[in-house]
Amino acid sequence: MNAPTIEYGELLPMLIVFGAAIIGVLIEAFVPRPPRHLLQVGLALVALIAAFVAVIWLAGTSLVGAAGSVAIDGPALFLQGAILVLAAISVLFFAERRLEGGGDAFAPSASALPGGAAERTLVTAGVLQTEVYPLTMFAIGGMLLFPAANDLLTLFVALEVLSLPLYLLAGMARRRRLLSQEAALKYFLLGAFSSAFFLFGAALIYGFAGSVQLSDIDVALGTRVGQEGLLLAGVGLIAVGLLFKVSAAPFHSWTPDVYQGAPTPVTGFMAACTKVAAFGAMLRIFYVSFGAVSSDWQPMFWAVAVLTMMVGVVVALTQTDVKRMLAYSSIAHAGFILTGMVAADEIGTASVLFYLVVYGFTTVGAFAVITLVRGPAGEATHLAKWAGLGKRSPLVAATFALFLLAFAGIPLTSGFVGKLVVFSAAIDAGAVLLVIVGVVASAIAAFFYIRVIVLMFFTEPAPDGPTVAVPSLWTTVGIGLGVAATIILGIVPGPMLELAQQAATFVR
Amino acid sequence: MNFPWLTTLIVVPLLGAALTALVPRGLELAAKRLALFIAVITAIIALVAAVAFVAEGQPEQFVEQYEWVGSLGVFYAVGANGVSLSLIVLTAVVTPIVLLAMWREAEAERRNPKPFFALVLLLEAMIIGTFAAQDVLLFYVLFEAMLVPMYFLIGLYGGPQRRYAAVKFLLYNLLGGLIMLAAVIGLYVQSVDAGQPSFLLADLVALDVPVDIQRWLFLGFMFAFAIKAPLWPFHTWLPDAAAESTPANAAYLSGVMDKVGTFGMIALVLPLFPDATREFAPVVVVLAVISIVYGALLAVGQTDMKRLIAYTSISHFGFIVLGIFALTSQGVAGSTLYMVNHGLSTVALFVIVGFLIVRRGSRLVADYGGVAQPAPILAGSLLFAGLSGLALPGLATFVSEFLVLVGTYSRYRAAGVVATVGIILAALYILLFYQRTMTGPAREATRDFPDLRRREILVVAPLVALLLAVGFFPKPLLDVIDDGVRPTLVEVGVSDPEPITPTAEGSE
């Protein structure tokens, strides 16, 4: 039996990130505590940048490698690049140690009982842990593999590799630990459910097609007649697993709790990168494997998209917590992205790719701003506390307002161009009604984004309002990148759009 | 001559806004002077451009076109015809007047004046950009983006209900804009299907859009413009926004910015959807007539001076829309002239009322009386502005109102007749307003009213001069407008009805 050939060069981005993750574990084991932080952050950033360089070097590649289990093509490389950049920005926010008075956003020991004696000892001793970095790197590795996976088993492995570290990271908040642990447990339980759905769906598809390779499934669609029940059940179950990850309604209920409970830098990382990776995987599986039966699954996505947009925007109206509001907003945005996906053609792919980049930058930036607004009990996430922020610190308020306007899709921000391309793709594919729901949802969404701006700029500050902490260089650079991307992609979206269009062809 | 007049007119106020915003704290006076200086420079450039335009004599001039987002067919394309040029000049001339009217108002309310001056300049750049845009997406982007500065102008500087008014303004206009976005995309997809993706106005006009699609697109565009203009029943945001804004801002809002709506009807709706325009014109005419009468009736009953002027504006916008959808050359030319005249007279009314409010601190008509005795110049200028509002022959609005009525009567006789009721009501609301506030014995509170100061006279004088000049000698302006209007009507495919003369009637 011949050993399969492995295209190491093409897999380089993933190999670099996984390698860095393993080195990170070794650092945790062997390096004394004081230099670990800088070492881990440095390693993570160097690895992410190196992997990004490798992605650029690979640009234009289009092949199926690793014995048919991984596809390195335009969408995979585009999304890997996006994930790497967004992840690097997120790592900058993880590294922030000035806001918590010398601490970071993470619990000194995630296993210590919340409020217990052991925890107090650790906090007073000023112990900081750095195991978040290898965990994050493993999650990033999984995310890189997810949109590139070319068979259902590799998809499942990637899904688990990216999810397991995230379950842990969600439970590591330094403040409000019970909420954080609850979030982690909820995420884990529901995530396990959705993985099971995915796996069951994969099994049914294997039963239908006799293969787990995406291209083989596509071939089987034409030849197996009379087993559509098996196929459709499989498609539905796989869709459940993936829609859970992108937090589309009705599989969204974990999102607000987890986004609220997780440490805010992790929330930003999760909200941006997981969504990019999961939509990438969804695009590949539905376009490559099930592209020939798109008329069967499009109605399902229609319904899910409408429901997701409406649930997201309507429930967001009633939120009083900034993180929960952004969680529902992220649900609504999943709906907008699904609108582009329904197109089921290359214009649709390109629009989704572009939207994901736009959404990712705005999201990591917005969550980072939340870490800056602090009260005595950590971040002041209750909306009432944000009153008059524009008077106290105009720059922070203006930055957040910019991100909100981008979420709302106001022209001259990146969010507008994103909406323009996904809606164009949908109308081009005949989904006019979906777009009308989309614009109505955008109008409703504008209301709650604008409400925060009203609160920040047009109300008098409360006397016991939160202070705006001055962050270190890490966070400043990260937010600066988010702002720059939001403005540049809004005013000169041309190059990025062209890149997305060139990258929109899947290898089969 | 290839000087980029329009780009200059956009860039100069834009740079001015940035520079004004950058003036450090504590130098508010310098910031105000800088902004005023920029606004005056812009006005001078606009006047020089107008002279150059007339000297050249071509109907379409100052065309510039650069690719913006190549892959989508979006261009930075600007150009001017008689219609857009006269509105650009109006904007450029009114802006310094509005800034001067706001000179001390912000300080009186203990608010920082700098953002007001910077935002008005930003708004000026965007408004001029929409008037000049020859690309539908460029128009749309600026049309939507200008909501943001206006929203802050209302919300930061308005009266006690300003937050409510600002949010209402934004949501109404955003909803209109988003519905229009769906229509813009729908139109664009038509060009994609035709094989040449482009947002250029000229390309889209050349498309042969089927009538059933035209209808939907027409409704999408008109929804946004009817909210912006504002036409009954989409008008309810304007009285709130105008009443809660500072008078200078209310002047800018209804005098200049709302013209974008009626301009959009002439420049986009008519040429883009000629068939749908002819079909829907009777409906729009009915709405316009309702606006005329309804606005005037409500103006008669108002107790709040700023709301009163806002309702007169609704009535006047009814005239403008009526003239446009009469689809006769007199009607459309009269409407364009009306936009300019309404801009001048509304700005005059709002700023003079603003001077009253500064003196007495009340917006209610009932709190004034006998002001003419202590302050004759103030009373005289209010009377003058009011008379021009009610279209007294010899003043600017008369010419345009007459043209609109003549243009309407030749096609929609009943509408023309009902619309004349608006003139009678106009006399009622203006003269009653003048009588209640200015005539009679001076009251206790108004006895020591200081007359207009030098700055205030400087604000009013140019408006008075322009109203007189256009009233007595409208020909040069009308000639330029006529040249701009004629191609549009050819595009719609209508010709003026034969004038009804006794002989013609006899021979029928």
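Quick one: pull the percent of accessible area on chain A belonging to carbon and sulfur, 1.4 Å probe, ligands and nucleic acids left out. Summing carbon and sulfur atoms, their accessible area is 72 percent of the total for chain A.
Amide H to amide H distances under 5 Å link A:Arg224 with no residue, where only residues 5 or more positions off or on other chains count and H is placed in the peptide plane.
Interface between chains B and A: roughly 2800 Å² of accessible area buried, both sides summed (probe 1.4 Å, protein heavy atoms only).
Taking the Cβ of A:Ser329 as the center, what net charge do the other residues with Cβ under 13 Å away carry, scoring Lys and Arg +1 and Asp and Glu -1? Surrounding charge for A:Ser329 is +3. The equivalent ellipsoid that matches the C-alpha gyration tensor of chain A spans semi-axes of 35, 27, 20 angstrom, in descending order. Here the extension length gained between A:Ala303 and A:Ala118 equals 61.6 nm, from 0.36 nm per residue of separation less the Cα-Cα distance. Which of rounded, prolate, oblate describes chain B, given a ≥ b ≥ c as roots of the alpha-carbon gyration tensor eigenvalues and a/c under 1.5 marking rounded, otherwise prolate only if a/b is larger than b/c? Since a/c reaches 1.5 but b/c is at least a/b, the shape of chain B is classed as oblate. Each label was represented as a point 7 Å from its Cα along the Cα-to-Cβ direction; for B:Glu64 and A:Leu153 these points are 6.2 nm apart. Charge tally for B:Tyr429 (other residues, Cβ to Cβ under 12 Å; Lys, Arg +1; Asp, Glu -1): +2. Between the alpha-carbon centres of the stretch A:409-468 and the stretch A:227-254 there is a gap of 27 Å. If you sort the three axes of the alpha carbon gyration tensor as a ≥ b ≥ c, you get a/c of 1.5 or more for the stretch A:35-131 and a/b above b/c, which makes it prolate. A 1.4 Å probe run over the stretch A:1-51, with the rest of the protein chains in place, finds 57 Å² accessible per residue.
The phi torsions of the stretch B:199-213, fed into the Karplus equation with coefficients 6.51, -1.76 and 1.60 and a -60° offset, translate into couplings of 9, 4, 4, 4, 5, 6, 5, 6, 5, 9, 7, x, 4, 5, 6 Hz, rounded to whole numbers, with Gly and Pro shown as x. Leaving out ligands and nucleic acids, and using a 1.4 Å probe, what accessible area per residue does the stretch A:373-508 come to in Å²? With all protein chains present, the stretch A:373-508 gives 35 Å² per residue. When the square roots of the Cα gyration tensor eigenvalues are ordered a ≥ b ≥ c, the ratio a/c for the stretch B:298-368 is 1.5 or more and a/b does not exceed b/c, which makes its shape oblate. Would you jot down the residues in the stretch A:404-422 that end up with at least 20 Å² less accessible area in the complete protein assembly than in the chain alone, with a 1.4 Å probe? When all protein chains are present, A:Leu405, A:Ile410, A:Pro411, A:Leu412, A:Phe416, A:Leu420 each give up 20 Å² or more of accessible surface. The Cβ shell under 13 Å around A:Ala377 holds other residues with a net charge of +3, Lys and Arg each +1, Asp and Glu each -1.
The alpha-carbon of B:Lys168 sits under 20 angstrom from the alpha-carbons of these lysines, leaving out residues fewer than 8 places away in its chain: B:Lys228, B:Lys259, B:Lys306.
The values are calculated or read from the model by the stated rules, or taken from the named source; none is laboratory data. All of these numbers come straight from a predicted model, not from anything done at the bench. Counting neighbours? That spans all protein chains shown, and the Cβs are built from the backbone with ideal geometry, glycine included. Keep in mind that these areas ignore ligands, DNA and RNA; they rest on the heavy atoms of the full protein, side chains included. Shrake-Rupley method; radii C 1.70, N 1.55, O 1.52, S 1.80 Å.
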